[in-house]
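The values are calculated or read from the model by the stated rules, or taken from the named source; none is laboratory data. Predicted model, so just to flag it, every value in this text is computed and none were measured. Glycine also receives a Cβ, built like all others from the backbone with ideal geometry; neighbour counts cover every protein chain displayed. Just so you know, the surface numbers come from the protein's heavy atoms only, side chains and all, with ligands and any DNA or RNA stripped out. Shrake-Rupley method; radii C 1.70, N 1.55, O 1.52, S 1.80 Å.
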Amino acid sequence: MRTQVGIVGAGPAGLMLSHLLHLAGIDSVVIERRSREYVQKRVRAGVLEQGSVDLLVGSGVGERLLREGARHEGIELRFDGESHRVPMTELTGRAITVYGQQEVIKDLIAARLAAGGQLLFEVDDVVLRDLDSEEPSIRFRHEGRDVELHCDFVAGCDGSHGVSRGFVPDGVFTTYEREYPFAWLGILAAAPPAVHELIYANHERGFALYSLRSPEISRLYLQVAADTDIAEWPDDRIWSELRTRLETVPDWTLNEGPILEKGVTPMRSFVVEPMQWKRLFLAGDAVHIVPPTGAKGMNLALADVALLAKAFGAWYDGGQDELLATYSRDALRRVWRAQHFSWWMTSMLHRLPDQDPYERQLQRSALRYVTSSKAYATSLAENYVGLPEV
Ligand code: RFL
Ligand code: PHB
């Protein structure tokens, strides 16, 4: 088999890259370890920055997003028994849209298939070869056969457990990393959200987040210990803890309903530099992870491949290689801004184990400052809705 760009991974990064390349007249093949059903059902992120919405709409895959996504112009910060709204749109002119990641995935898969794009699901034993030559290839098993896919470039979009990065020799990459001593327990519940905007709550017992997916479905998260076994959290315990951490203001109650899905997500910050080696280009969670508190992961994946698609476009359109050469440097500017913002939100909102009283007061002061100073609130807001240029 031959294609121009071989893409490993059908998450937001891989699928969007394939879609943008198609619009530029560049051929690609996407290979994915899981089944189509599995990737379309995987519940993850829900917040799209304005720039991500513009990218999806501008590239022709935003029709359902515009219809079903919910535009949010503010978020709420809840602490010390009080609620404070950060009016993001008033402060920045931009907004976010709440639309499930699996809906973005469904829309992208449908668009690729409608355009005759090649997506191979349930592939195994992926091996990248000759990345330092002008004709790299990807070997894998698919439907019981060994396949060799020859290409001009390989895009490693295979997420945090991917294999692409592992085919680069030792000593090329520098890794920056931080583990947090807590995790998030997330639920999807068949309950009409009691909120119009997301609530980020800082509480003595730990952080809680109230988000949503639709007028009937709520998405909620609880900070839990890093080594939490989900079996220790029967539904009653989850609702009781959510009530304790969220029902801290007068006349406000959350809506409960059957829990459709629950899972524990570890919290990690991680960056690998550079995001390229020879003919291998890396994007999304394969090279950087943020804790979800800043809602940046899916947005970074989309921003990476917007740059990468442009760079491939310039290369195929007359062999200009400047944009490919600067891809990593340019993408990393946004990556590090999101790293700092996500770390900052995480530090301000979570209960740190053994938190000393001095640190607790710093958190309180930061929360009071960000909800009373227009300058500080604008800083939060412009990062949250996404900076156009970083
Ligand atoms: P993905 O989505 O992980 O896709 C990678 C794909 O590669 C496949 N794969 C392989 N395929 C072939 N061969 C192999 N050897 C392979 N190994 C892996 C995988 O099966 C998968 O399909 O990475 P991508 O495209 O870089 O996208 C990144 C985002 O998915 C991720 O950053 C976000 O979900 C993070 N995230 C959030 N991001 C936001 O922007 N806003 C949010 O509100 C937000 N909330 C979240 C989140 C992530 C969460 N979890 C569960 C990690 C909330 C949670 C709870
Ligand atoms: C979500 O709706 O899943 C969500 C929202 C905001 C975050 C993280 C996740 O910061």
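Answer rounded, prolate or oblate for the range 182-282, using the Cα gyration tensor with square roots of eigenvalues a ≥ b ≥ c: rounded when a/c is under 1.5, else prolate when a/b is larger than b/c, else oblate.
The shape class here is prolate.
Can you tell me which of 193-199, 152-158, 109-115 comes out highest on packing, and rank the rest after it, using the mean Cβ neighbours within 10 Å?
The peptides rank, most packed first, as 152-158, 193-199, 109-115.
Let me know the shape class of the chain, please: from the alpha-carbon gyration tensor, a ≥ b ≥ c as square roots of the eigenvalues, rounded when a/c is under 1.5, otherwise prolate if a/b is greater than b/c, or oblate.
prolate
Assuming R0 = 56 Å, can you tell me the calculated FRET efficiency for the pair GLU68 and ASP354, based on Cβ-Cβ distance, to the nearest 0.05?
0.80
Give me the number: length gained by fully extending LEU120 to SER35, i.e. 0.36 nm times residue separation minus the C-alpha to C-alpha distance, one decimal in nm.
Between LEU120 and SER35, full extension yields 29.7 nm more.
Residues of the range 268-287 with backbone nitrogen within less than 19 Å of a virtual label 7 Å along the Cα-to-Cβ line of ASP132, please, listed as ranges.
Hits in the range 268-287 for ASP132 at 19 Å: 273-282.
At LEU23 and ASP321, where each label point lies 7 Å from the Cα along Cα→Cβ, what is the point-to-point distance in nanometres?
Label at LEU23, label at ASP321, 2.7 nm between them.
With +1 on each Lys and Arg Cβ and -1 on each Asp and Glu Cβ, and nothing else charged, work out how big the dipole of the chain is about its Cα centre, in Debye to the nearest 20.
That gives a dipole near 460 debye.
If you take the square roots of the eigenvalues of the alpha-carbon gyration tensor of the range 202-352 and sort them as a ≥ b ≥ c, do you get rounded (a/c under 1.5), prolate (a/b over b/c) or oblate?
Note, shape of the range 202-352 comes out prolate.
For a 32 Å ceiling on Cα separation, which of these pairs sit above it: LYS262/LYS310; LYS262/LYS296; LYS106/LYS262?
Violating the 32 Å Cα-Cα cut-off are LYS262/LYS310.
Could you tell me which residue out of MET88, LEU362, SER28 lies farthest along the dipole of the chain toward its positive end? Charges go on the beta carbon: Lys and Arg +1, Asp and Glu -1, centred on the Cα centre.
MET88
What's the ranking of 299-305, 75-81, 125-131 by average number of surrounding C-beta atoms within 10 Å, highest first?
With the highest mean Cβ count within 10 Å placed first, the list reads 299-305, 75-81, 125-131.
Among all the aspartates and glutamates, which ones have a C-alpha under 17 Å from LYS374's C-alpha, if same-chain residues fewer than 8 places away are not counted?
In chain and number order, the partners are GLU73, GLU76, GLU90, GLU382.
Over the chain, what is the mean sequence separation of C-alpha contacts under 8 Å (at least six apart), divided by residue count, expressed as relative contact order in percent?
20
So what's the net charge close to LEU387: Lys and Arg +1, Asp and Glu -1, counting the other residues with Cβ under 12 Å from its Cβ?
Here the charged neighbours net out to +2.
Determine which residues of the range 8-38 fall in the zone a paramagnetic label at LEU113 would reach in this model, i.e. backbone nitrogen under 14 Å from the point 7 Å along Cα→Cβ.
Counting backbone N atoms under 14 Å from the label point, the list is 35-38.
Return the distance in nm (one decimal) between the two label points of a simple spin-label model at THR244 and THR265, each offset 7 Å from Cα along Cα→Cβ.
According to this spin-label approximation, the distance is 2.3 nm.
Could you compute the FRET efficiency for HIS340 and ARG145, with r as their C-beta to C-beta distance and R0 at 35 Å, rounded to 0.05?
It comes to 0.15.
Solvent-accessible area of TRP277, probe 1.4 Å, all protein chains present, reported in Å² to the nearest ten, please.
Surface open to solvent at TRP277 totals about 50 Å².
Please list, ordered by chain and number, the residues whose modelled amide H lies under 5 Å from the amide H of VAL224; skip anything fewer than 5 residues away on the same chain.
ALA183, TRP184, LEU185
Using a Gaussian network model of the chain with C-alpha springs under 10 Å, which one of ASP285, ASP170, ASP124 is most mobile by mean-square fluctuation?
With Cα springs under 10 Å in the chain, the top fluctuation among ASP285, ASP170, ASP124 is at ASP170.
Output ³J(HN,Hα) for the range 287-301: one whole-Hz value per residue in order, computed from phi by the Karplus curve 6.51 cos²θ - 1.76 cosθ + 1.60 with θ = phi - 60°, and x for Gly and Pro.
10, 7, 10, 10, x, x, 4, x, 6, 10, x, 5, 5, 5, 4
For the range 198-240 and the range 108-145, what is the centre-to-centre distance using only Cα atoms, to the nearest Å?
37
Using the Karplus equation 6.51 cos²θ - 1.76 cosθ + 1.60 (θ = phi - 60°), what ³J(HN,Hα) coupling, rounded to whole Hz, does each residue of the range 172-184 give in order, writing x for Gly and Pro?
7, 9, 10, 10, 10, 8, 8, 9, 9, x, 7, 9, 10
Between THR89 and SER347, what is the FRET efficiency for a Förster distance of 25 Å, r being their Cβ-Cβ separation, to the nearest 0.05?
The formula returns an efficiency of 0.45 here.
In a shell of Cβ-Cβ distance under 10 Å around ALA13, excluding ALA13 itself, what net charge do Lys and Arg (+1) and Asp and Glu (-1) give?
Residues near ALA13 contribute -3 overall.
Using the Kirkwood formula over every pair of different C-alpha atoms, what hydrodynamic radius in Å results for the range 53-209?
By the Kirkwood definition, the hydrodynamic radius is 20.5 Å.
Return the long-range amide H neighbours of GLU82 (sequence gap of 5 or more, or a different chain), with a cut-off of under 5 Å between placed amide H atoms.
none
Ranked highest first by the average count of other Cβ atoms within 10 Å around their residues, in what order do 145-151, 330-336 fall?
330-336, 145-151
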